[in-house]
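Participant: I'd like to ask you about the structure that follows.
The values are calculated or read from the model by the stated rules, or taken from the named source; none is laboratory data. What you see is a predicted model, and the numbers here were worked out from it, not measured in a lab. Backbone-built Cβ (ideal geometry, glycine too); neighbour counts: all protein chains shown. Protein only, heavy atoms only, side chains kept; ligands, DNA and RNA dropped before computing areas. Shrake-Rupley method; radii C 1.70, N 1.55, O 1.52, S 1.80 Å.
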Amino acid sequence: MGCRWPEWRILSFLAEHGPASAYDIWTRSNLDKAVVSRETNALAGKALIRIEPVKGSARNRSEISLSKAGLELLERSFNEVLRRHDNLTAGLDARSIETFLRVTAHLESRIAHMGEESALPYSRHAPVKRIGRGG
């Protein structure tokens, strides 16, 4: 395909939203800050993006934009991405995929709460061994 998944996510973000800061990319695309930093440096090294300082920025901000080569790579690999998506989701209808994405988003939002104390009893679907409970 020509690039790795995090690189693809950054390139496609820039194609959809236009030039952006690293902060915009990691906060709006749900990528880790360190991943965005590492991958934008890698993409710049491959001349797929341009990183330019924002003139007059008090915080030394940079603007990241697609290069011509980055846009060409996206265009060349788009059909391959669609083919892989279709192969991955074959047999699932749109409702099933939407349910999966909703459940995944919910679970992701609950990760920060996993270590909290709970006064609630274990749920029926808790991952506990059910010896001698008839189930």
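Participant: With the structure loaded, tell me whether L92 is modelled with pLDDT of 90 or more and either surrounded by 14 or more Cβ atoms within 10 Å (Cβ to Cβ) or over 23 Å from A105 (Cβ atoms) (or both) or whether it fails that test.
Facilitator: no
Participant: Let me spell it out: the conditions are (1) among the charged types (D, E, K, R); (2) open to solvent by 100 Å² or more (accessible area, probe 1.4 Å); (3) in contact with a strand residue (DSSP E or B) (Cβ under 9 Å, 6 or more places away or on another chain), and K68 meets all of them except one. Which number is the exception?
Facilitator: Here K68 meets the rest and fails (3).
Participant: So A34 ticks every box in (1) open to solvent by less than 60 Å² (accessible area, probe 1.4 Å); (2) assigned to a helix (DSSP H, G or I); (3) modelled with pLDDT of 95 or more but one. Which box is left unticked?
Facilitator: (3)
Participant: Right, something else. Give the stretch 74-87 a look and list any residue that's closer than 11 Å to A15 by Cβ and either more than 19 Å from the chain's Cα centre (by Cα) or aromatic (F, W, Y) (or both), or say none.
Facilitator: E75, F78
Participant: Which of the residues that make up the stretch 45-70 are within 19 Å of the chain's Cα centre (by Cα) and not in a loop (DSSP other than H, G, I, E, B)? Break it down stepwise before answering.
Facilitator: First, the residues of the stretch 45-70 that are within 19 Å of the chain's Cα centre (by Cα): 48-49, 64-66, 70.
If the condition is that a residue be within 19 Å of the chain's Cα centre (by Cα) and not in a loop (DSSP other than H, G, I, E, B), then I49, I64, S65, L66, G70 are the ones that fit.
Participant: Same structure, new question: Of everything in the stretch 42-65, what is at pLDDT 95 or above and open to solvent by 100 Å² or more (accessible area, probe 1.4 Å)? Give them in sequence order.
Facilitator: Selection gives K46, R50.
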